[in-house]
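In what follows, a single structure is set out as structure tokens and then discussed.
Please treat every number below as a calculation from the coordinates, not as lab data. If you're wondering where the values come from, they're calculated on a predicted model, not measured in any experiment. Because the Cβ atoms are built from the backbone with ideal geometry, glycine has one as well, and the counts that use them run over all protein chains shown.
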Amino acid sequence: MLARKELSVGGMVDYHHSKNTRQASKVGENSQYAYTNSMVQENLLSRITVDPGVCHGKPTVRGLRYPVETILEYLAGGDTMESLLAQFHDLTREDILACLEFSRRMLAAKTAHLVLM
């Protein structure tokens, strides 16, 4: 059975299962792994910014004009992380991981208002 970690984000509680946590618990470092993993995720999320003057207030990567939505569309369309990094030289691997973490957190929220077209 996979271990269960609890991460709190802006009042939201997110339950996350991870094979890595199961491995860490074998070595007896589960709590330190969860703390370190949480810090890494929070650090990634700090790369996502919202500024009403940039891209109409949509979440962007580091205030650059790369909306999170656009990065996710590229990935959903089949582009690899490597191809995005080659195409957009000012993005880093951590920026793309931050977009993925941001979308995971948004989907994990208890309430979400979705517009389906």
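How much length would be gained if the chain were fully extended between T49 and D79, taking 0.36 nm per residue of separation minus their Cα-Cα distance, in nm to one decimal?
Residue separation times 0.36 nm, minus the Cα-Cα distance, leaves 8.5 nm.
Taking the mean number of other Cβ atoms within 10 Å as a proxy for protection, how do you rank 91-101, 44-54 from highest to lowest? Each step should come with its number before you reach the end.
Working: 91-101: 18.8, 44-54: 13.6.
Output ranking for 91-101, 44-54: 91-101, 44-54.
What distance in nm separates the two pseudo spin-label positions at L100 and T70, each 7 Å out from Cα along the beta-carbon direction?
Output for this residue pair reads 2.1 nm.
What distance in nm lies between label points placed 7 Å from Cα along the C-beta direction at H89 and A109?
The answer from the label model is 3.6 nm.
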